[in-house]
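Peer 1: Can you read through this structure? Questions will come right after.
Read-outs throughout are calculated quantities, based only on the coordinates presented, and are distinct from any laboratory measurement. Just so we're clear, the structure is a prediction, and the values are computed from it rather than from any experiment. FYI the Cβ positions are ideal-geometry reconstructions off the backbone, even for glycines, and counts take in every protein chain you see.
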Amino acid sequence: MAVVTIAGPAPWFGRRWEHRHAAGAALGSVIACLVYWAASFRFAPNAAPGLVEFAGTATSLWSVWITQRRNVLALPVGIVSVILMGWFFLEIGLIGQTLLHWAYYLPIQFWAWREWTRGGEHRSELPVTRLRGRARVTATAAMVVFTMVFGWALDAGWDSALYTYWDASIVAASVVAMVLLSRKKVESWGLWIAPVNVSAILLYSITGAYMFAALYVLFLGMAFVGLARWRRAAAARVA
């Protein structure tokens with residue numbers, strides 16, 4: 001008689017390989033941000049990042065870096081990063097981005113943490129999967145509707161809000177992408193690539209958030225790597 005082994009939940013704070021991977025990524029993130037800070041201080045002092053922007057950038061880079069490998073420590077690191085980034089966006093008038101980070105990214109990080117460790121069958125570790133056709137249509141429709149509604153709300157509620165519908169489109173795509181990422185769906189990386197990262201690079205550049213614009217250039221490259229890695233993981237599961 002064949003014995004069926006049911007996988008258990010993953011550790012909340014990861015396994016040994018995740019600790020090693022996270023430590024290396026943390027060092028790499030700090031070094032990358034220090035190089036940017038030194039270069040900006042030398043060649044463009046007015047664009048040099050402050051402490052909040054620097055810390056938010058470093059932790060965000062760290063979180064996305066280890067997300068590619070489905071390292072569960074990406075979630076607690078992400079909690080710290082969204083608090084810092086929301087604070088910075090509030091200071092520069094991107095209200096939509098502030099709300100995205102504090103009212104959405106912050107609570108969903110806790111849900112994603114639970115899903116990654118116990119969201120699979122029998123409360124096991126969640127595997128990587130793909131969306132089906134109807135779910136893809138639903139996700140696209142949700143982004144369009146959310147962009148229109150949130151853009152209108154920003155226009156009506158905040159006189160200081162800038163580029164409201166553009167800001168809202170990034171928020172909408174990020175909301176859907178984060179839900180899909182929380183459920184380890186391959187398609188989340190496709191949303192991070194164009195509707196979020198490419199658009200955010202342009203928006204942050206024209207609003208003076210140069211360090212975040214540079215960060216999202218790195219995020220864009222990581223999103224392509226993440227897409228390739230997660231595609232392979234999903235394919236291996238169904239093979």
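Peer 1: Which residue, chosen from 150, 178, 128, occupies the Cα position most advanced towards the positive end of the dipole of the range 123-179, where the dipole is computed from +1 (Lys, Arg) and -1 (Asp, Glu) charges on Cβ about the Cα centre?
Peer 2: 128
Peer 1: Counting pairwise Cα distances across the range 94-226, what percent come out greater than 27 angstrom?
Peer 2: Every Cα pair in the range 94-226 considered, those over 27 Å come to 21 percent.
Peer 1: Something else: Just need log10 I(q)/I(0) for the range 11-59 at q = 0.13 Å⁻¹, Debye formula, equal scatterers on the alpha-carbon atoms, no solvent, rounded to two decimals.
Peer 2: -0.40
Peer 1: By average Cβ neighbour count within 10 Å, what is the ranking of 144-151, 177-184, 203-210 from highest down? If you can, show how the numbers build up before the last one.
Peer 2: Working: 144-151: 16.0, 177-184: 20.9, 203-210: 18.0.
Highest mean packing first, the order is 177-184, 203-210, 144-151.
Peer 1: Show log10 I(q)/I(0) for the range 49-119 at q = 0.16 Å⁻¹, two decimals, from a solvent-free Debye sum over equal Cα scatterers.
Peer 2: Once normalised to I(0) and log-transformed, intensities are -0.53.
Peer 1: Can you pull out the chymotrypsin sites (Phe, Trp or Tyr not before Pro) in the range 10-44 that DSSP calls coil and that have at most 14 other Cβ atoms within 10 Å?
Peer 2: Qualifying residues, ordered by number: 12, 13.
Peer 1: If one puts a single equal scatterer on every Cα of the range 177-236 and applies the Debye formula without solvent, what log₁₀ I(q)/I(0) results at q = 0.28 Å⁻¹?
Peer 2: Scattering profile of the range 177-236, log10 relative to I(0): -1.06.
Peer 1: Moving to a separate point now. Between residue 39 and residue 123, how high is the FRET efficiency from 1/(1 + (r/R0)^6) when r is the Cβ-Cβ distance and R₀ = 45 Å? Nearest 0.05.
Peer 2: 0.45
Peer 1: Okay, moving on. Indicate the gyration tensor shape class of the range 60-165 (rounded, prolate or oblate), computed on the Cα atoms with a ≥ b ≥ c the square roots of the eigenvalues: a/c under 1.5 is rounded; otherwise a/b larger than b/c is prolate and the rest oblate.
Peer 2: oblate
Peer 1: Assign unit charges at the C-beta atoms only (+1 for Lys and Arg, -1 for Asp and Glu), then state the dipole size of the range 1-106 relative to its Cα centre in Debye, rounded to the nearest 20.
Peer 2: On the way: 6 positive and 3 negative charges, 86 e Å.
Charge dipole of the range 1-106: 420 debye, to the nearest 20.
Peer 1: What is the spread of the Cα atoms of the chain along each of their three principal axes, largest first, in whole Å?
Peer 2: Principal-axis extents of the Cα atoms in the chain, largest first: 70, 40, 26 Å.
Peer 1: Apply the membrane-span-like helix rule to the chain: whole DSSP H runs, Cα extent along the own long axis of at least 15 Å, mean Kyte-Doolittle hydropathy at least 0.5. List the helices found.
Peer 2: Helix filter hits for the chain: 51-67, 74-92, 133-157, 164-182, 210-238.
Peer 1: Quick check: residue separation of residue 198 and residue 224 times 0.36 nm, minus the Cα distance between them. What number comes out in nm?
Peer 2: So the extension gain works out to 8.2 nm.
Peer 1: Using a simple charge model, +1 on the beta-carbon of Lys and Arg, -1 on the beta-carbon of Asp and Glu, nothing else, what dipole does the chain show about its Cα centre, in debye to the nearest 20?
Peer 2: Computed about the Cα centre, the dipole is about 1320 debye.
Peer 1: Here's another thing I want to ask about it. For the chain, calculate the relative contact order in percent as a whole number, restricting contacts to Cα pairs under 8 Å that are 6 or more residues apart.
Peer 2: Dividing the mean separation by the residue count of the chain yields 20 percent.
Peer 1: Shifting gears a bit: Taking only DSSP H segments of four or more residues, each worth -39500 (n - 2.57), what value at 222 nm results for the chain once the sum is divided by all its residues, to the nearest 500 deg cm²/dmol?
Peer 2: The helix contribution divided over the chain gives -23500 deg cm²/dmol.
Peer 1: Then there's this: How many angstrom lie between the Cα centre of the range 139-187 and the Cα centre of the range 24-102?
Peer 2: The two parts, judged by their Cα centres, are 21 Å apart.
Peer 1: Multiply the residue separation of residue 31 and residue 110 by 0.36 nm, subtract the distance between their alpha-carbon atoms, and state the gained length in nm to one decimal.
Peer 2: 25.7 nm
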